[in-house]
Ligand SMILES: Nc1ncnc2c1ncn2[C@@H]1O[C@H](COP(=O)(O)OP(=O)(O)OP(=O)(O)O)[C@@H](O)[C@H]1O
Ligand SMILES: [Mg+2]
């Protein structure tokens with residue numbers, strides 16, 4: 001696994017990874033969760049999906065993850081298979097398995113033996129700061145630590161795309177800030193692409209280089225913003241005037257999107 | 001990235017008085033948990049003894065505990081083999097109930113069709129009192145042991161089936177999605193997700209089934225009735241009743257009760273050993 005800091009290419013020069021083209025998703029009950037959703041995901045992007053509750057953010061992630069199929073339109077992967085890691089709002093660990101066994105899960109399901117991948121597992125645990133807890137059970141960990149295990153599990157196979165559905169929404173502010181910063185470092189180290197669903201304007205600005213603002217009823221892309229601030233980002237960025245200005249822009253865009261539905 | 005979790009990182013730091021008091025309370029509770037029930041039972045036996053002695057109740061109406069104990073020793077050559085028979089039927093029925101209950105539950109979880117077709121039969125078997133089916137069973141089944149086993153099994157398998165079925169269907173939906181995303185096979189999902197999820201449910205069912213299989217074995221023997229060689233404790237109770245040998249009835253009864261308690265204790269121990277590392281039910285909170 002690569003542990004050196006990788007600089008992703010500038011926004012305009014990234015290769016396309018995935019495309020959602022004119023995707024509709026209607027549920028059997030008649031809810032139109034998504035209508036004409038278009039989204040291009042490039043390698044190295046950190047995309048935030050920002051939008052009010054019920055605008056179809058989770059639905060978009062589930063479509064990309066292949067857990068359901070679009071009613072109309074297409075989801076196309078550029079070259080290679082869909083390799084995905086997922087982090088849910090809850091840590092979603094198996095309580096009967098130790099931390100390292102939980103992180104081993106994606107490999108186990110691919111039929112690889114534990115010894116084969118032990119080094120990968122311990123490296124990723126080290127990256128999330130839990131190497132000492134490899135043999136602990138989830139119940140011995142705090143909420144933030146469980147979420148780290150969940151992130152480690154999503155990253156251990158070094159997937160091309162990592163989907164995160166409001167992963168830090170249930171955590172306290174201090175833990176969330178720390179995890180935000182650590183997530184950025186991890187993302188660069190394993191050179192992956194992230195789609196991150198959030199309700200928080202601040203979180204989306206801090207983390208992402210692209211913010212996709214969505215509107216509800218029916219769910220669709222309202223606007224897209226670019227956060228043109230260099231990585232690595234830290235507390236200096238969080239307290240900068242740029243950050244405040246970007247948050248205001250994103251907040252306005254979100255309110256505009258919510259106005260569209262009213 | 002550094003982590004500091006005080007609960008886990010604590011070394012030999014000095015402990016405050018409050019903590020010490022709590023530790024003492026825990027120790028006291030550990031002792032009392034055994035002491036109190038033992039003392040209560042002992043007192044009840046003494047009381048029983050005194051009531052019999054003071055009222056000069058004849059032993060063919062209510063024998064005192066001393067006489068029951070004597071009978072237990074004196075009649076051991078009769079009672080112990082009977083206990084062996086009852087125990088054998090009980091344990092065999094429990095084993096078959098585990099295999100049948102878990103097997104059916106896995107089958108049901110693999111095929112919803114099978115569940116829809118056969119679950120009603122399981123419910124019917126469960127809600128029909130075994131005493132009312134047993135006479136029929138002994139008409140159709142020639143082998144007495146097989147008949148007894150069948151009766152005990154009917155009583156014992158349902159809690160295992162229903163609990164295990166519930167457990168296999170109680171997997172976390174996010175984990176299920178995760179398994180799908182990683183392309184898990186049906187078999188992997190069963191083995192790594194559903195079975196561990198179902199384990200606490202199964203063990204809960206097992207503890208109930210342990211007691212029920214003993215009840216099933218005893219009830220079935222009452223119905224089967226035929227005596228002689230190879231008869232269990234139920235038959236000895238019936239027989240002693242006909243002969244008005246009340247002390248022996250009590251002795252046999254005591255053995256059955258003791259057996260039930262031991263079965264429950266052993267199954268509880270197994271449950272604890274299998275779950276204490278991770279399951280909420282087995283975790284002791286400090287405060
Ligand atoms: N399985 C389903 N069946 C029917 N309707 C659904 C289903 N899943 C989602 N919906 C509907 O689709 C719409 C979008 O839901 P979705 O969960 O994607 O929203 P969301 O943006 O993730 O909301 P939140 O921020 O509250 O998580 C909602 O109106 C929801 O009721
Ligand atoms: Mg959602």
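What follows draws every value from the coordinates through simple rules; no lab data is involved. For clarity, every value in this text was computed on a predicted model and none was experimentally measured. Neighbour counts are summed over all protein chains in view; Cβ atoms, including those assigned to glycine, are modelled from backbone coordinates with ideal geometry.
For segment A:199-242 versus segment A:70-111, the spacing of their alpha-carbon centroids is 25 Å.
Going by neighbour counts of Cβ atoms within 10 Å, the residues A:75, B:181 line up, fewest first, as A:75, B:181. Panel order for A:71, B:128, A:98, by other beta carbons found within 10 Å of each beta carbon, from fewest to most: B:128, A:71, A:98. Highest mean first, the peptides A:19-29, A:190-200 sorted by other C-beta atoms within 10 Å per residue fall in the order A:190-200, A:19-29.
The GNM of chain B, with springs linking C-alpha atoms under 10 angstrom apart, assigns the highest mean-square fluctuation among B:75, B:16, B:142 to B:16. Assuming a ≥ b ≥ c are the square roots of the Cα gyration tensor eigenvalues, decide whether chain B counts as rounded (a/c under 1.5), prolate (otherwise, with a/b larger than b/c) or oblate. Since a/c reaches 1.5 but b/c is at least a/b, the shape of chain B is classed as oblate. Two numbers describe the Cα atoms of segment A:102-189: Rg and Dmax, which are 12.9, 39 Å. Placing a pseudo-label 7 Å from each Cα along the Cα-to-Cβ vector at residue B:274 and residue B:55 gives an inter-label distance of 4.5 nm.
Counting only other chain Cβ atoms within 10 Å of each residue's Cβ, the peptide A:89-98 averages 5. Normalised by the number of residues in segment A:122-259, the average gap of Cα pairs under 8 Å and 6 or more apart makes the relative contact order 19 percent.
Order the peptides B:102-113, A:229-240 from the highest to the lowest mean number of other Cβ atoms within 10 Å of their residues.
B:102-113, A:229-240
Using the 10 angstrom Cβ neighbour count as an exposure proxy, how do A:100, B:56 rank, fewest first? Write out the running numbers ahead of the final one.
Numbers: A:100 21, B:56 6.
The order, fewest Cβ neighbours first, is B:56, A:100.
So, in Å, what gap is there between the alpha-carbon centers of segment B:128-165 and segment B:217-275? Using only Cα atoms, the two centres lie 17 Å from each other. The spread of Cα positions in segment B:104-261, taken along each principal axis and listed from longest to shortest, comes to 70, 33, 24 Å.
Relative contact order for chain A: 27 percent, from Cα pairs under 8 Å spaced at least 6 residues apart, divided by residue count. With Cα atoms defining each centre, segment A:133-162 and segment A:18-44 are spaced 29 Å apart in the structure. Counting only other chain Cβ atoms within 10 Å of each residue's Cβ, the peptide B:178-190 averages 5. Estimated from helical segments only, the mean residue ellipticity of chain B at 222 nm is -26000 deg cm²/dmol, where each DSSP H run of four or more residues counts as -39500 (n - 2.57).
Computed over chain A, the per-residue total of -39500 (n - 2.57) for DSSP H runs of n ≥ 4 gives a 222 nm mean residue ellipticity of -11000 deg cm²/dmol, rounded to 500. Between 0 and 90 degrees, the angle of helix A:173-189 with respect to the longest Cα principal axis of chain A falls at about 80 degrees.
Other protein chain C-beta atoms within 10 Å of residue C-beta, averaged over A:150-158: 1. Given Cα pairs under 8 Å that are at least 6 residues apart, what percent is the relative contact order of chain B? Rounded, it is 24 percent for chain B.
Rounded, prolate or oblate: which fits the protein assembly as shown when a ≥ b ≥ c are the square roots of the eigenvalues of the alpha-carbon gyration tensor, with rounded for a/c under 1.5 and prolate only if a/b beats b/c? Since a/c reaches 1.5 and a/b is larger than b/c, the shape of the protein assembly as shown is classed as prolate. What is the helix-to-structure angle for A:143-155, meaning the angle in degrees between its Cα long axis and the longest Cα principal axis of chain A, kept from 0 to 90 and rounded to the nearest 10? That helix lies at roughly 90 degrees to the long axis. The angle between the Cα long axis of helix A:114-127 and the longest principal axis of the Cα atoms of chain A comes to about 60 degrees, rounded to the nearest 10.
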